[in-house]
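Report on the structure given below.
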Amino acid sequence: MVIDSFDAARRLGDAELRVLLDSGRPEQRVWAIWALAMRSVSGVSVAVGHEDPDPGVRRNLAVVLAGHGELDLLVALAHRDPAPEVRAAAMQLVARLAIDGTLSDGLVTERTVGEAPEVKIAVLGTMFEDAPEWLCELAHALLADRDGDVRYEAFEALVRAGELAEALMWLEELPEMEARLSLMRWSARGNAHACAEQLAESSRQLRRLLIESVRAPSWKDLAPAIGGDPMLLRSLLQRDTSQLERVDVVSVVRATLDDERGGWIGAVRARLAELESAPDELAPMLPALYELCMRRIADLDRELVRWRGEDEELALELEDARVAVEAALEQVSRLLVH
């Protein structure tokens, strides 16, 4: 008998349909699954509304099969349907059932790595905190997938699973452009602060890329990743100078002390002037800040001797800078006394 339509397929017996399911052409396998489903599940044709189903209908069929416990047919749909979007919908259900222990996890792990990106991403979407080891291992394997979207979804899946160290190691090893794109996606939808917290102990390079990748950088969101690192603070201010007003005084002082260029002394002076006494976290830094101001004044004095009479414009700039540092020194001295 020539099987060249769904009508021809549905006239076959169950045993013949299962043979067709195993060895038929892609479209014949669809007909076989559909015919078996119509015989196994009462009202299935009404539930999905078609006799010869298109891919959208077959995605609905996956839900119907799972709901009625027709797991053999669900697995067949996940493994054999010619449309990646249908296999993805069915395989996600198979994965959830495997997580529950209803189906073998081998039905997922043995097929997913060689599947289309849609199927891999669908399976990764089932990841949750403290997910089973087999699912985490699958996500680890997919970090090396050829498809960039799959790699990123595997990264996010591992973050959700609590496998943060492995996920961040993958980020650290990425080429810069892919790292930027991944950080842009990860920090989207109001997630920048959580990303900054999770990257707080990562390399300076990765934290810098985060600052440069978020759509709307702010000190409020990115403070955990910046801390008092002067280079990272400068990266933030290069994108939005107004953020300096939002940086807390301890972080500004720490960045100033760590900055070889002695930057932000003017900002430090303004912040210190607002304080009646030094907070506990700031007090231990004041002696070092006092020494920094003294060295900076001495450096400016030497520069003034060099340029006064030769470049009056530069000399005036140096005098203004010296006045600013002296004002900062005055505030530091006041807080040291208190």
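The values are calculated or read from the model by the stated rules, or taken from the named source; none is laboratory data. Just so it is clear, the model here is predicted, and its values are computed rather than measured. Cβ: placed from backbone, ideal geometry, glycine included. Neighbour counts: every protein chain shown.
Laid out as a table, the results:
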| read-out | value |
| --- | --- |
| Test for Glu156: is it surrounded by fewer than 20 Cβ atoms within 10 Å (Cβ to Cβ) and closer than 18 Å to Leu138 by Cα | yes |
| Residue within the stretch 221-232 that is surrounded by fewer than 20 Cβ atoms within 10 Å (Cβ to Cβ) and over 27 Å from Glu281 (Cβ atoms) present | no |
| Residues being surrounded by fewer than 20 Cβ atoms within 10 Å (Cβ to Cβ) and in contact with a helix residue (DSSP H, G or I) (Cβ under 8 Å, 6 or more places away or on another chain) - total across the stretch 182-204 | 9 |
| Residues of the stretch 138-153 satisfying the condition of being among the basic types (Lys, Arg) and surrounded by 15 or more Cβ atoms within 10 Å (Cβ to Cβ) | Arg151 |
| Considering residues of the stretch 86-137 that are among the hydroxyl-bearing types (Ser, Thr, Tyr) and either touching a Lys or Arg at 6+ places or on another chain (Cβ under 9 Å) or under 21 Å from Val63 (Cβ atoms) (or both) only, the residue surrounded by the most Cβ atoms within 10 Å (Cβ to Cβ) | Thr112 |
| Ala278, sole failed condition from (1) crowded, with 17+ Cβ neighbours inside 10 Å; (2) modelled with pLDDT under 95; (3) closer than 24 Å to Met231 by Cα; (4) not β-branched (Val, Ile, Thr) | (3) |
| Unique match (being more than 22 Å from Val323 (Cβ to Cβ), among the small types (Gly, Ala, Ser) and part of a helix (DSSP H, G or I)) among Ala225, Ala270 | Ala225 |
| Cβ-Cβ under 9 Å pairs, at least 6 apart or on other chains, the stretch 13-33 side closer than 19 Å to Ala83 by Cα, far side aromatic (Phe, Trp, Tyr) and in a helix (DSSP H, G or I) | Leu20/Trp31; Gly24/Trp31; Glu27/Phe6; Val30/Phe6; Trp31/Phe6 |
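Listed here are the residues, each with its yes/no results for (1) among the hydrophobic types (A, V, I, L, M, F, W, C); (2) in the same structural domain as Ser333 (by TED's automatic domain parsing); (3) more than 25 Å from the chain's Cα centre (by Cα).
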| site | (1), (2), (3) |
| --- | --- |
| Ser187 | no, no, no |
| Asn191 | no, no, no |
| Glu201 | no, no, no |
| Ser218 | no, no, no |
| Pro224 | no, no, no |
| Leu233 | yes, no, no |
| Leu257 | yes, yes, yes |
| Arg271 | no, yes, yes |
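Here's the yes/no breakdown for (1) part of a helix (DSSP H, G or I); (2) aliphatic (A, V, I, L, M); (3) surrounded by fewer than 16 Cβ atoms within 10 Å (Cβ to Cβ); (4) free of Cβ contacts under 8 Å to residues at least 40 places away in the same chain:
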| position | (1), (2), (3), (4) |
| --- | --- |
| Glu291 | yes, no, yes, yes |
| Met294 | yes, yes, yes, yes |
| Ala298 | yes, yes, yes, yes |
| Asp301 | yes, no, yes, yes |
| Gly309 | no, no, yes, yes |
| Ala315 | yes, yes, no, yes |
| Leu318 | yes, yes, no, yes |
| Arg322 | yes, no, no, yes |
| Ala327 | yes, yes, no, no |
